[in-house]
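K.L.:
This is the structure I want to talk about, given as structure tokens.
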Amino acid sequence: MTDTEDFAARFGQLLERYITSLGLTYEEVAHRTWGDISRKGHVSAYIKGKRGKPSAPTIRKFREALGIPAEEIEACRQPPPTLPELDETFRAGLGLGEALMFQLAAQFGHDNPNAGAAAYKSFLEQKAGDYRAMQGRLAKLGEVEAEAGARARLDNQVQAARGALEAGDFAEADEILAAAEEIQQAEHTLKQVRRQAEIRSARGDAALLSGDADTAHTHYAAAAAMFDPFDPLAGVSMRHRLEDRLYEHGLRYGGTGLARSADLLRAALNHVTETDDTEEWARTQNSLAVALHNQGVRTAGEAGAALLAEAAGAYRAALRVRTEAAHPVNWATTQNNLAITLRHQGSRTGGEAGAALLAEAVDAYRAALRVRTETAHPEAWATTQNNLGGALWEQSRHTSGEAGAVFLAEAVGAYRAAQRVYTEAAHPEQWAMTQNNLAIALKEEGSRTGGKAGAALLAEAIDAYRAALRVTTEAAHPVQWAATMENLGLAYEALAAVEPGRAHLEAALAAYDAALTVYDPEHMRLRFDAATEGRERVQAALG
């Protein structure tokens, strides 16, 4: 077997151990790793070593998805320790599988590099006895009668314990089994509560199906509250599960779904504290911020501003737990989301207060980039660079003179940086989006600059729009195509103002005409009117 095959096999065993210990399905692992459950077959292939040596990005994705320490992956690159040979009769009598034997051998070889055959055999016999005892407890736990939800939780614990056993970590397996036994005992108390809660939540589902988010919330809140006297964290967990239904309904259909989702999460915060349940509290704060942000974006006036401010406060609260040192990836994600909210706040607020919020958004994006680096997290880095470009562009709109020009130039630089990852070949849709954003910034920069330099920037903006249209086609993305054509018309108009000529105006007219073939005046009135006004301006200029 080659070194590559050795690594692939050891890496596969490592994946299988972590997947088993976490109680995950291949679909769940595929979703965590690639965001695509259809790639579950890839997970199986990597576990079996059938895809050859995994690439560095694939290893990184698995490491982040499953929380595998870097040193364990590095250990896969090393050959197994050299240990005394065991005769087949002795090996068979142990009753240990090959994977477990490999893990035990690695453990023993690491801890006892100079031990002899007798010590090695004694170690294996002791571990085999522990293994049999644990398997007996697992078998009894598997026979326990329980309802579906409890059965799933117990089965997850059993799978996790088996994973720990296969890894040779018997102390961990014992802790998992002890937790499983506590679950079993709790089930006797919670069985009736769970039945009642599920019936009440089903009533909420029925209300939501009819479009009544307020009644659904009433039932959901009552269902979750049933757990509070017995198992508050179970109530918090149920609120998370149920608020997600309200959140998705609100995103899709509008109405009060987002507001009621936030209400459930606020109620959850009455039963989970930053001190005692740190991670759950931070998760709840983050979910609350997401719901509030989306509600705030959709709400006009002071009410919307208040919701965005509350969302920013919830993100900041989550960051007290999700620190850069302790949880760098979650910290960077939360920083990025906070920056998005701050940008919306700044755009709405205007004046000095708005400028301060936009500056804070830019700082938050730049902070996130300390973790979301191009090397370690290329796609997240590109997303944040694109978001940073948007915030800088917003700053430029609120800032005149040289300072505004500096912001525009930085926005262009951020968009160009994002395109080092978001290439047309690898990420066509993200590339086209960034091309469009780059073109908007270049158009603004060219209009401000004027003269030959401004004309060159406007021509570059036009080229960027036309490049984006290679992906954003009329057939595949008609509305986005029309919006890009409208922007193209604006860019040609701006170029005609700096560099007069009928050709630029005629190109602008053609672009507006193209957009109007898609914009429906009945359902897209604002866009239709804007493109029509542009067309009329150009016709007047042409005479």
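K.L.:
Would you kindly find the accessible area of Met226, with a 1.4 Å probe and non-protein molecules such as ligands, DNA and RNA excluded, rounding to the nearest 10 Å²?
P.N.:
Surface accessible to solvent at Met226 totals approximately 50 Å².
K.L.:
Explain nothing, just compute: Karplus ³J(HN,Hα) = 6.51 cos²θ - 1.76 cosθ + 1.60, θ = phi - 60°, for every residue of region 123-129 in order, whole Hz, x for Gly and Pro.
P.N.:
Per residue, the Karplus-derived 3J(HN,Hα) values read 4, 5, 5, 5, 5, 5, x Hz.
K.L.:
Order Glu175, Glu360 by their accessible area, 1.4 angstrom probe, all chains in place, largest first.
P.N.:
On the way: Glu175 120, Glu360 70 Å².
The ordering from most to least exposed comes out as Glu175, Glu360.
K.L.:
Using only the Cα atoms of region 184-304, what do you get for the radius of gyration and for Dmax, in Å?
P.N.:
Looking at region 184-304, its Cα Rg and Dmax stand at 14.7, 52 Å.
K.L.:
Given Cα pairs under 8 Å that are at least 6 residues apart, what percent is the relative contact order of the chain?
P.N.:
Averaging sequence separation for qualifying contacts and normalising by length gives 5 percent for the chain.
K.L.:
Would you mind computing, in nm to one decimal, how far apart the modelled labels at Arg91 and Asp276 are, each placed 7 Å from Cα along Cα→Cβ?
P.N.:
Each label point is offset 7 Å from its Cα along the Cβ direction, giving 5.3 nm.
K.L.:
For His240, His523, His477, give the ranking by accessible area with the largest first, probe 1.4 Å.
P.N.:
Details: His240 15, His523 140, His477 45 Å².
Greatest to least solvent exposure: His523, His477, His240.
K.L.:
Continuing with this model, one more query. Apply the Karplus parameterisation 6.51 cos²θ - 1.76 cosθ + 1.60, with θ equal to phi minus 60°, to every residue of region 531-538 and state each ³J(HN,Hα) to the nearest whole Hz, in sequence, with x for glycine and proline.
P.N.:
For region 531-538, the Karplus curve yields 5, 5, 4, x, 4, 5, 4, 5 Hz.
K.L.:
As an exercise, use a Förster radius of 35 Å and the Cβ-Cβ distance of Asp130 and Thr323 to find the FRET efficiency, rounded to the nearest 0.05. Present the calculation step by step, with values, prior to reporting the outcome.
P.N.:
Details: r = 38 Å, r/R0 = 1.09.
It comes to 0.35.
K.L.:
Along each of its three principal axes, how wide is the spread of alpha-carbon positions in region 1-77, in whole angstrom units, largest first?
P.N.:
Per principal axis, max minus min of the Cα coordinates gives 31, 23, 21 Å.
K.L.:
For the residue pair Tyr26 and Glu474, what label-to-label distance in nm results when each label sits 7 Å from Cα along the Cα-to-beta-carbon direction?
P.N.:
Spacing of the two 7 Å Cα→Cβ label points: 4.5 nm.
K.L.:
At q = 0.15, 0.16, 0.24, 0.30 Å⁻¹, what base-10 log of I(q)/I(0) does the Debye formula yield for region 237-283 when every alpha carbon is treated as an equal point scatterer in vacuo?
P.N.:
So the normalised log intensities are -0.39, -0.44, -0.78, -1.00.
K.L.:
Taking 25 Å as R0, compute the FRET efficiency from the Cβ-Cβ separation of Ser122 and Glu74 and round it to 0.05.
P.N.:
Numbers: r = 30 Å, r/R0 = 1.19.
Working from the Cβ atoms, E equals 0.25.
K.L.:
Lysine pairs, Cα distance under 21 Å, 8 or more residues apart or cross-chain: how many in the chain?
P.N.:
10
K.L.:
Another question, if that's okay. Give the Kirkwood hydrodynamic radius (Å, one decimal) of the chain, defined as one over the mean of 1/r across all pairs of different Cα atoms. If you can, show how the numbers build up before the last one.
P.N.:
Details: mean 1/r = 0.0361 Å⁻¹.
Taking every pair of different Cα atoms in the chain, averaging 1/r and inverting gives 27.7 Å.
K.L.:
Provide the FRET efficiency to the nearest 0.05 for the Glu182-Arg420 pair, computing r from the beta carbons and using R0 = 51 Å. Write down the numbers at each step before the final one.
P.N.:
Details: r = 51 Å, r/R0 = 1.00.
So the FRET efficiency works out to roughly 0.50.
K.L.:
While we're on this one: Roughly what angle does helix 451-468 make with the longest principal axis of the chain, taking Cα atoms, 0 to 90 degrees, to the nearest 10?
P.N.:
50 degrees
K.L.:
How much length, in nm to one decimal, is gained on full extension between Ala300 and Asp205, taken as 0.36 nm per residue of separation minus their Cα-Cα distance? List each step's numbers first, then the result.
P.N.:
Numbers: separation 95, 0.36 × 95 = 34.20 nm, distance 2.91 nm.
Result: 31.3 nm gained on full extension.
K.L.:
When the helices in the chain are scored as -39500 (n - 2.57) per DSSP H run of 4 or longer and the sum is shared across all residues, what 222 nm value do you end up with, to the nearest 500 deg cm²/dmol?
P.N.:
On the way: 24 runs with 419 residues, N = 543.
Mean residue ellipticity at 222 nm (helix-derived): -26000 deg cm²/dmol.
K.L.:
Hey, another quick one. Tabulate in residue order the Karplus-calculated ³J(HN,Hα) for region 483-499, using 6.51 cos²θ - 1.76 cosθ + 1.60 with θ = phi - 60°, rounded to whole Hz; enter x for Gly and Pro.
P.N.:
Using θ = phi - 60°, the values come out as 5, 5, 5, 4, 4, 4, x, 4, 5, 5, 4, 5, 5, 5, 6, 8, 10 Hz.
K.L.:
Give me the accessible area of Glu474, 1.4 Å probe, in Å² rounded to the nearest 10.
P.N.:
It works out to around 90 Å².
K.L.:
Starting from 0.36 nm per residue, how many nanometres of slack lie between Ala353 and Lys61 once their C-alpha separation is accounted for?
P.N.:
Working: separation 292, 0.36 × 292 = 105.12 nm, distance 4.02 nm.
Here the answer is 101.1 nm.
K.L.:
What number do you get for region 389-439 when its Cα radius of gyration is normalised by 2.2 N^0.38 Å, N = residues? Provide the component values of the computation, followed by the final result.
P.N.:
Details: Rg = 11.9 Å, N = 51, 2.2 N^0.38 = 9.8 Å.
It is 1.22.
K.L.:
With a 1.4 Å probe and all protein chains kept in place, how much accessible area does Lys140 have, in Å² rounded to the nearest 10?
P.N.:
Rounded to the nearest 10, that gives 150 Å².
K.L.:
Please compute the Kirkwood hydrodynamic radius of region 429-543 from all pairs of different C-alpha atoms, in Å with one decimal. Each step should come with its number before you reach the end.
P.N.:
On the way: mean 1/r = 0.0716 Å⁻¹.
Kirkwood hydrodynamic radius for region 429-543: 14.0 Å.
K.L.:
If you don't mind, another one. Principal axis extents for region 352-419, Cα atoms only, whole Å, descending order, please.
P.N.:
Rounded to whole Å, the extents work out to 36, 22, 12 Å.
The values are calculated or read from the model by the stated rules, or taken from the named source; none is laboratory data. Predicted model only: the values in this text are computed from it and were never measured. Neighbour counts run over all protein chains shown; Cβ positions are idealised from the backbone, glycine included. Heavy atoms of the whole protein, side chains included, go into the accessibility calculation; ligands, DNA and RNA do not. Shrake-Rupley method; radii C 1.70, N 1.55, O 1.52, S 1.80 Å.
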